[in-house]
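Novice: I have a structure here, written as structure tokens, and I will follow up with some questions on it.
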Amino acid sequence: MQLPEWIRNFRWNWGWALLLVFITFMSVFLYVFYLSFKELRTNEMYVKDYYTEELQYGKVLARKQNADTMRVPVKISHDKKGLTVRFPDYLPPQKVKGTLVLYRPNAKVLDKTIPFVLDSTRKILVPSDSLAYGRWDVHLDWQVDTTGYYLEKNLWIGK
């Protein structure tokens, strides 16, 4: 088999090299651009009706301020056992009631809502095997008597 004449007569020079570099650069750039839009489509909205939620956000800010002014703050941590939420010792456990929301930004199927009432240990434990690896947003909303509190924390759960 014989090569076509235009291939046999081809002469490589700096112009062709520049064209090859430009085409390679544009291909990589367009691929990264495509991947960024693909990632945007996989993230789901946390709240379907976020306009009404935004109107209620003033109440959430007041609850956040209550949590920030506590003598000893609530601690949220993660270790091999799982996600631990530890309340301070001065809070009466029988009066603390609330909700722990574990929100996964890229997979709504993995979201968890856990209502709780504290026991004498003053802590909540979510086992590691029930949490997938990746980023989690923890939203803790609780009430002691008539005072409401709210706390948010972002966690990365890895291997």
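The values are calculated or read from the model by the stated rules, or taken from the named source; none is laboratory data. Fair warning: this is a prediction, and the values are worked out from it, not measured in the lab. Methodologically, a virtual Cβ is constructed for each residue, glycine included, from the backbone with ideal geometry; neighbour enumeration extends over all protein chains shown.
Novice: Name the single residue, out of those in the stretch 55-108 being within 17 Å of ILE157 (Cα to Cα) and β-branched (Val, Ile, Thr), that is nearest to the chain's Cα centre (by Cα).
Specialist: Result: VAL101.
Novice: Which ones in the stretch 66-100 are crowded, with 18+ Cβ neighbours inside 10 Å and over 16 Å from ARG122 (Cβ atoms)?
Specialist: HIS78 - this is the single residue of the stretch 66-100 that is crowded, with 18+ Cβ neighbours inside 10 Å and over 16 Å from ARG122 (Cβ atoms).
Novice: Does the stretch 143-156 contain at least one residue that is in contact with a helix residue (DSSP H, G or I) (Cβ under 8 Å, 6 or more places away or on another chain) and of a type in the set (Phe, Trp, Tyr)?
Specialist: yes
Novice: Which of the residues that make up the stretch 107-152 are charged (D, E, K, R), out of contact with any Pro (no Cβ under 7 Å at 6 or more places or on another chain) and buried (at least 16 other Cβ atoms within 10 Å of the Cβ)?
Specialist: ASP141
Novice: Could you tell me whether any residue of the stretch 14-37 is modelled with pLDDT under 90, within 24 Å of SER128 (Cβ to Cβ) and out of contact with any Asp or Glu (no Cβ under 8 Å at 6 or more places or on another chain)?
Specialist: No: zero hits.
Novice: Being of a type in the set (Phe, Trp, Tyr), exposed (fewer than 11 other Cβ atoms within 10 Å of the Cβ) and out of contact with any helix residue (DSSP H, G or I) (no Cβ under 7 Å at 6 or more places or on another chain): is that true of TYR103 here?
Specialist: Against the criterion (of a type in the set (Phe, Trp, Tyr), exposed (fewer than 11 other Cβ atoms within 10 Å of the Cβ) and out of contact with any helix residue (DSSP H, G or I) (no Cβ under 7 Å at 6 or more places or on another chain)), TYR103 does not qualify.
Novice: Would you tally the residues in the stretch 71-85 being more than 22 Å from VAL60 (Cβ to Cβ), of a type outside the set (Ser, Thr, Tyr) and assigned to a strand (DSSP E or B)?
Specialist: Within the stretch 71-85, residues that are more than 22 Å from VAL60 (Cβ to Cβ), of a type outside the set (Ser, Thr, Tyr) and assigned to a strand (DSSP E or B) number 2.
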